[in-house]
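Computed from the coordinates by the stated procedures, all read-outs in this text should not be read as laboratory data. Keep in mind the model is a prediction, meaning the values are calculated, not measured. Here the Cβ is made from the backbone with ideal geometry for all residues, glycine too, and neighbour counts use every protein chain on show.
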Amino acid sequence: MKKKILKFFILACIIVPITVFIVQVDFIMVFQELQKIGLKFIFILLITFVAYLLGTIGWWICLGEERKRISLFKLFEIRQIGEIVGLYNPSSIIGGDVLKSELLKPYQFANHVASESVVISRVTAVLSQLSLLMLSLFWLLINANNGMPVFWRYGLFVVVALLFCMQVLFFYFLYQRRRISAHKLHYSFNLWQRMGKIIRDLVLQTQHFFDHHKTLFWWSYVFFFLHWLVGSMEFYIILYFMGYDILLIESVLLDMGVILIKSVGAFIPGQLGVEELGNKIVLASIGIQAATIWVTVSILRRTRQLCWILVGIVCYIFIRKTDAIKVFKHGNPVRQS
């Protein structure tokens, strides 16, 4: 009985935020904007497909020799399901990544290869994302006109310096021959101790993979870097269709900014208003402040997200038909962490 209640609760945590997102979409405005842009919308879907495919390859590489057990197409399906859950579930990427690990279990990977691949791919994804964010903010800093307040310039410099130091420190630990001690830490209500243990375990797992698969680590990093770079072109294409010719680095800045804002608001069910607020703020940062522009950009991006949610649902139904029984034999799809 408790198991059934837990499964119901888990499904509710997945379905409710996605339902909230779909319900809040103004389909009348969506259809109006789609009529204006016409078949050009296919280019937006195509560019995001390429970005998602690159992200899938970045994860596939982390499976090492075991990747022959699963096709790239099947891994693409699993990734879409996990990313959707991670994007709209209050537990954010934790829930999405745990679901990915569970959906990989029927493929019988050796030892902890499946869970390790999820962790390492997330690490390379975040590191490459931080690199792009650092580069885009550095570009903004050196190209800032005299209209930018001195306070903001110093703030940007501090953020860029922190991002650079964080990455240097992380790679320093990766290349260290002496390993971080894996002290056992019992459950503690001290938030800093718990966070410290999580970070230590993450670094240890990454160090282990890096020691044995250094080449695979860097290839995964490269593909995730391309994943973020290609994905950021969505802003470039949308604004180009609307008559705004921006630089590619500006589209990277816009995309990284929105992702950062959405990460802060990850706890909000369906991310109500977070996407729109993010679009408005980042567009204003490059001088585009017209309300009609950020509203249109938000509608088109929401429509793209809705399309990929539908793709994710179809993927889940397909997987459920083929191996869902095996998946649920291994436990619950999402565990709160």
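Modelled spin-label separation between PHE73 and GLN176, with each label point placed 7 Å from Cα along the Cα-to-Cβ direction: 4.5 nm.
Applying 0.36 nm per residue to the separation of PHE318 and ILE42 and subtracting their alpha-carbon distance, the gain on full extension is 97.0 nm.
With the simple spin-label model, which puts each label point 7 Å out from Cα in the Cβ direction, the PHE151 to VAL264 separation comes to 1.5 nm. Here TRP218 and GLN289 are evaluated by their C-beta separation; at R0 = 35 Å the FRET efficiency comes out at 0.30. Stretching GLN108 away from LEU202 to a fully extended chain increases their span by 31.5 nm, per 0.36 nm per residue minus the current alpha-carbon distance.
In this structure, ASP245 and VAL159 have a Cβ-Cβ separation that, at R0 = 30 Å, corresponds to a calculated FRET efficiency of about 0.65.
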